[in-house]
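If you scroll down you'll find the structure; I have some questions about it.
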Amino acid sequence: MNMRNQWPVLPIVAGLASGLLAGCGSQVTGSGGDGSAVVIGMSDDVLATDPASGYDPGSWLLFNNVFQSLLSFPKGGTEPEPDAAEDCGFSDTRTKVYECTLKDGLKFSNGDALTSEDVKFSFDRMLDIDDAAGPAIMFPMLDKVETPDEKTVVFKLKVPDATFPSKIASGAGSIVDHRQYDADGLREDGEAVGSGPYRLDSFGEDEATFSTNEHYKGTAEVKNTGVTLKFFHGDQSGLKTALLDDRVDIAYRGLTAADIADTDTNDDSSGVEVVEGSSAEVQHLVFNMDDPVAGKLGVRRAIAHLIDREALITDVYQGTADPLYSIIPAGIAGHNTAFFDRYGASPSRTAAAAALEDEGITDKVDLTLWSTPSRYGPATDQELKAIAAQLNASGLFEADVRSVAYQQYEKDIAAGKYGVYVKGWVPDYPDPDNFTAPFFGEGNVLGNNYTDTAITGTLIPRTAAQSDRGATADDYGRLQDIVAEQVPVLPIWQAKQYAVVQENVYGLENCLDASTVFRFWELEKG
C-alpha cells in the first residue's frame, strides 16, 4: 500500500493517535451542536484533501469528518454499520456481490443531491486515478460498480472478500460529489465537498477550519459548532507549549512518551488531563529473507530469543506501549500469542545459541539494524539502539544501528539493501485480514521477499471468503503460528494511545478508536 497502510507515522509510543473507544451518536439531520468550537493541535500534516490521494493518518482524519462512507464504525464496535446507506449486504453466498441502498434525502455540503451516481463515480475515480499516495491499492478485488437506480449501488468483486464492508467503511470509501471533482485528475485547490458532519471552510499550511454541515444526514450527533485543526509539522515541543498555554484544547498525535509521562504526573497543576486508550497500531522488525545474514532462520530465531520487549517498553517508551507477541494485535479477532508461546517473554541466551548452532553458526553474527528517525515515531532510533544492545549483551551478536531519512529508507528497502529494518502499521480497518494479507499475501508491502504457500494459497483466501469472521479463528491461529516458526517479522510492541486535553473539553474518549477514526462530533467544550 502507500501512505497509511504502508506504515504511516505511529502516534505516541511515539506520538498520539487512536485509542480504544469509537464514537457515533444517534441520528440527526445535522444543524450543528450548541457547544463552542474546539481547537485541536497535532504534529502530523494533512497531506491531501482529495480522498483519491490521501492515505496518511492526517488526511484520513479530514476524510472521516468531511466525507461520508456507505458504512461507518459505531461507538465501541468493530463491525461496520450503515451510514450514508440505509442497509447493505452480500446478495450472494460467495461474498462476491455486495449491495447497498442509500438513505433518502442525502445531500452534499453544497446542497447537491447525493445519489448512487456519486458512489459509483467515487470508486471508479479512485481506481482510475490509482494515485501512488492513495487508497486504490485496497481494492484489487473490485471488478465494477453498478447503479440499477438512484438509490442502489452494487459492487461486483473479482474474488470473494468478506472484509469488503470494513474497507468501504474506512476513509477509502469516502463519497465525493461527481459535479465537483474531475473523473481523471486530483483536486488540488485545497477544497473538499462531502456529505459528512462537517464542511471544510479553509485549508492552509498551518491550520484547517471546519464548521458543521447543515445538510448532513447520518448517524453522528454533533456536539460542537466547529473545529480548528492546527498543524505543528513535527514540532513536538511547540505542540506541548501550545497546550499548556491554552492555545489548543487537545494535543493529538505528536507528544513524546516523556511529555506524556510528565503531563500525566503534573496534570493536577497544569489544567490538562491525559486520556488513554488501547490501539491496534503495531511495530515489527522485518527480516529480508534474501539477505545472507537475516535470511538464515537460525539468526532470526536467535534474535527472537534475545529480544526483551518489557525492557524496551520500560526504558524507551516509559510504559506507553504493550509488548506484542503476534502479528495480529490484542483486541483484534483471532489474536494469539504465537511468539510468546514459542520464544517466551524473557531473553534466553541458551536458546539463542542453540538456534545459531543449528544453523552451523559459531562466531559472533555481524548485523546492522536499519532505522528511520521519525516516520514511526521519535523514539525509533533509540529503540533500535536498545535492541542492538540487547543482542550484543548476549555475546552472540555484533550489532549496530544505521538511521536513514525516510525517502531513502523506502528506496533502499525496495532495492533489497537492508537485512533487518523497522516498520510500523496503522490499520485501515479493525479486522485480522488487515494485519495479515498486506504483510504475507502476494505482493506484500514489507518488501522482504517472504512467501509461504500455505498462507498465500489457502489461509488468506479462505479467511477472506468467510463471512462469519468468528469462524476464521483457527485459520488465523495457524497463520500466526507459521509466522512465529519462520520469523519473517518479529512483533515488538502494540501502541497504547494518548491524547492530552484541557479540563473543560469532553468526549475525547469517544474519539479514540482501534479503527483510527477520530470523530470531531464527539468533542464538547464545557
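At what distance in angstrom do the alpha carbon centres of region 53-118 and region 307-322 lie from each other?
38 Å
If I histogram all Cα-Cα distances within region 268-417 using bins 10 Å wide from 0, what percent of pairs lands in each bin?
Bins of 10 Å from zero give 10, 35, 36, 14, 4, 1 percent of pairs.
Could you compute the FRET efficiency for Ala473 and Asp149, with r as their C-beta to C-beta distance and R0 at 41 Å, rounded to 0.05? Numbers along the way, then the final one.
Values: r = 39 Å, r/R0 = 0.96.
So the FRET efficiency works out to roughly 0.55.
Compute the signed sum of charges (Lys and Arg +1, Asp and Glu -1) over the other residues within less than 9 Å, Cβ to Cβ, of Thr101. Please list the in-between numbers first.
Numbers: positive: Lys103, Lys151; negative: Glu86, Asp87, Glu99.
Taking every other residue near Thr101 into account, the sum is -1.
Here's something else I'd like to know. For region 196-246, report the translational diffusion coefficient in µm²/s to the nearest whole number, using Stokes-Einstein at 4 °C, 1.567 mPa s, and a Kirkwood Rh over Cα pairs. Numbers along the way, then the final one.
Values: Rh = 12.7 Å.
Answer from the Stokes-Einstein relation: 102 µm²/s.
Based only on Cα atoms, what mean projected area does the convex hull of region 61-208 have, in nm²?
Working: hull surface 36.4 nm².
Spelled out: convex hull of the Cα atoms, projected over all directions, averaged, 9.1 nm².
What does the charge add up to near Asn444, with Lys and Arg as +1, Asp and Glu as -1, over the other residues with Cβ less than 12 Å from its Cβ? Mind dumping the intermediate values first?
On the way: positive: Lys423; negative: Glu442, Asp452.
Overall, the nearby charge balance is -1.
Probe of 1.4 angstrom, ligands and nucleic acids ignored: what's the accessible area per residue over the chain, in square angstrom? Don't skip to the answer; put the middle values down first.
Working: 18880 Å² over 526 residues.
On a per-residue basis, 36 Å².
Tell me the carbon and sulfur percent of the accessible area for the chain, rounded to whole percent, probe radius 1.4 Å.
On the way: 8310 of 18880 Å².
Heavy-atom surface of the chain belonging to carbon and sulfur, 1.4 Å probe: 44 percent.
Where Lys and Arg each count +1 and Asp and Glu each count -1, what net charge lies around Glu522 among other residues with Cβ under 9 Å from its Cβ?
Values: positive: Lys75, Lys223, Arg519; negative: Glu221, Glu509, Glu524.
Summing Lys/Arg as +1 and Asp/Glu as -1 gives 0.
Then there's this: Leaving ligands and nucleic acids out of the surface, order Ser237, Ser515 by accessible area at 1.4 Å, largest first.
Values: Ser237 80, Ser515 5 Å².
So the residues, ranked largest to smallest area, are Ser237, Ser515.
For region 421-464, evaluate the Debye formula with one uniform point scatterer on each Cα (no solvent term) and list log10 I(q)/I(0) at q = 0.31 Å⁻¹, rounded to two decimals.
Log10 of I(q)/I(0), two decimals: -1.18.
Sticking with this one: Name all residues of region 426-446 having a backbone nitrogen under 13 Å from the label point set 7 Å from the Cα of Lys75 along its Cα→Cβ direction, giving them as ranges.
Those under the cut-off are none; the list is empty.
Give me the Kirkwood hydrodynamic radius of the chain, using the inverse of the mean 1/r over all pairs of distinct Cα atoms, in Å to one decimal.
Numbers: mean 1/r = 0.0426 Å⁻¹.
Evaluated on the chain, it is 23.5 Å.
The values are calculated or read from the model by the stated rules, or taken from the named source; none is laboratory data. What you see is a predicted model, and the numbers here were worked out from it, not measured in a lab. In this analysis, Cβ positions are derived from the backbone assuming ideal geometry, glycine residues included, and neighbour counts consider all displayed protein chains. When the accessible area is computed, the model is the full protein with side chains, heavy atoms only, and any ligands, DNA or RNA have been set aside. Shrake-Rupley method; radii C 1.70, N 1.55, O 1.52, S 1.80 Å.
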